[in-house]
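One structure is given here, and the rest of the page talks about it.
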Amino acid sequence: MRWSDIDAYGHVNNSAMLRLLEEARIVGFWGADPGEDPDGSLPEPIIDGRPGSGTMTVIAGQRLEYLASIPYLRQPLDIQMWIGRLGGASIDVSYEVWSPVGQQPAVLYTRATTALVMVDAATSRPRRLTDTERAACERYLEDPVQFSRP
């Protein structure tokens, strides 16, 4: 979290939350660049959406439900992310944004979902998930996030 994520009301601004979710997706979807992960600690990408990979992941929709205001925290938030739905050319990414790991009591701040469409970078047209991508996504497939308000 950055100091600039805080608005005049003293909590994380809604537009900053979208950027935090984006950062979580980048960790999950982009592979490490050469030399970036010498100890192998970064996770394997689910779908390689790095520039030059041939695939773009384009946001088709997002929904967020704010459950509590997030104050400025020096420790990183715990963003839990999983695949809530697999389609032919799209996936829904589900999230829960929690207080930092170890903070007691744990606080669930936000629930969210992002619909991503796979797009061929050369043609700018939607494309179906490959068998390899589908298998990678299935490892993280769980029930979609459940919002309090329909």
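The values are calculated or read from the model by the stated rules, or taken from the named source; none is laboratory data. It should be emphasised that the depicted structure is a prediction, and the values quoted were computed from it without experimental measurement. Backbone-built Cβ (ideal geometry, glycine too); neighbour counts: all protein chains shown. Side chains are part of the model used for accessible areas, which takes the heavy atoms of the whole protein and leaves out ligands, DNA and RNA. Shrake-Rupley method; radii C 1.70, N 1.55, O 1.52, S 1.80 Å.
In nm, give the distance between the simple-model label positions of ASP37 and SER53, each being 7 Å from the Cα along the Cα-to-Cβ direction.
Calculated label separation equals 1.0 nm.
Looking at the stretch 69-143, which chymotrypsin sites (Phe, Trp or Tyr not before Pro) are in a loop (DSSP not H, G, I, E or B) and have at most 13 other Cβ atoms within 10 Å?
Details: sites: TYR72, TRP82, TYR95, TRP98, TYR109, TYR140; in loops: TYR72, TYR140.
Of the chymotrypsin sites (Phe, Trp or Tyr not before Pro), the ones in loops of the stretch 69-143 whose Cβ has at most 13 other Cβ atoms within 10 Å are TYR72.
Hey, rough spin-label estimate for ASN13 and ARG134, points 7 angstrom out along Cα→Cβ, what's it come to in nanometres?
4.2 nm
Provide the per residue accessible area, probe 1.4 Å, for the stretch 1-138, rounded to a whole number of square angstrom.
Numbers: 7690 Å² over 138 residues.
On a per-residue basis, the stretch 1-138 sits at 56 Å².
If R₀ is 30 angstrom, what is the calculated FRET efficiency for the pair GLU23 and GLU142, using the beta carbon separation as r and rounding to 0.05? Mind dumping the intermediate values first?
Details: r = 21 Å, r/R0 = 0.70.
Once the sixth-power term is evaluated, E becomes 0.90.
For log10 I(q)/I(0) by the Debye sum over Cα atoms at q = 0.16, 0.19, 0.21 Å⁻¹, the choices are (1) -0.95, -1.23, -1.37; (2) -0.88, -1.26, -1.55; (3) -0.93, -1.43, -1.82; which was calculated from the structure?
Calculated log10 I(q)/I(0) by the Debye sum over Cα atoms at q = 0.16, 0.19, 0.21 Å⁻¹: the matching label is (1).
Please give the charge dipole size of the chain, origin at the Cα centre, charges +1 on K and R Cβ atoms and -1 on D and E Cβ atoms. Round to the nearest 20 debye. Spell out each step's value before the answer.
Numbers: 14 positive and 20 negative charges, 107 e Å.
It works out to roughly 520 debye.
Find, among the GluC sites (Glu not before Pro) in the stretch 99-150, those assigned to loop by DSSP (not H, G, I, E, B) with at most 15 other beta-carbon atoms within 10 angstrom.
Taking the stretch 99-150 and a limit of 15 other Cβ atoms within 10 Å, the loop GluC sites (Glu not before Pro) found are GLU142.
Counting other Cβ atoms within 10 Å, which GluC sites (Glu not before Pro) in the stretch 1-102 have at most 10 and lie in a DSSP loop?
On the way: sites: GLU22, GLU23, GLU36, GLU65, GLU96; in loops: GLU36.
Of the GluC sites (Glu not before Pro), the ones in loops of the stretch 1-102 whose Cβ has at most 10 other Cβ atoms within 10 Å are GLU36.
For the chain, what does the relative contact order come out to in percent, with C-alpha contacts under 8 Å and a separation of six or more?
Working: 259 pairs, mean separation 34.8, N = 150.
Relative contact order of the chain: 23 percent.
Could you work out the per residue convex hull volume over the alpha carbons of the stretch 23-63, in cubic angstrom? If you can, show how the numbers build up before the last one.
Working: hull volume 3.2 nm³, N = 41.
About 78 Å³ per residue, rounded to a whole number.
Compute the longest continuous run of the chain that contains no exposed trypsin sites (Lys or Arg not before Pro); treat a site as exposed when its DSSP state is not H, G, I, E or B and it has at most 14 other Cβ atoms within 10 Å. Please list the in-between numbers first.
On the way: sites that count: ARG2, ARG74, ARG128, ARG139.
Result for the longest clean stretch: 3-73.
Can you check what the net charge comes to around ILE70, using other residues whose Cβ is under 15 Å from the Cβ of ILE70 (Lys, Arg +1; Asp, Glu -1)?
Overall, the nearby charge balance is -2.
Mind checking the angle between helix 14-29 and the chain's longest principal axis? C-alpha axes, 0 to 90 degrees, to the nearest 10.
40 degrees
Using r as the Cβ-Cβ distance of GLU44 and SER69, and R0 as 35 Å, what FRET efficiency do you calculate, to the nearest 0.05? Numbers along the way, then the final one.
On the way: r = 35 Å, r/R0 = 0.99.
Here the calculated transfer efficiency is 0.50.
How many percent of the accessible area of the chain is carbon or sulfur, using a 1.4 Å probe? Can you show the working numbers first?
Numbers: 4600 of 8860 Å².
Of all accessible area on the chain, carbon and sulfur atoms account for 52 percent.
Could I have the simple spin-label model distance between ALA89 and ALA122, label points 7 Å from Cα toward Cβ, reported in nm to one decimal?
Once both label points are built, they end up 1.7 nm from each other.
For the chain, what does the helix formula give at 222 nm: sum of -39500 (n - 2.57) over DSSP H segments with n ≥ 4, over the residue count, nearest 500 deg cm²/dmol?
Values: 2 runs with 24 residues, N = 150.
Rounded to the nearest 500, the figure is -5000 deg cm²/dmol.
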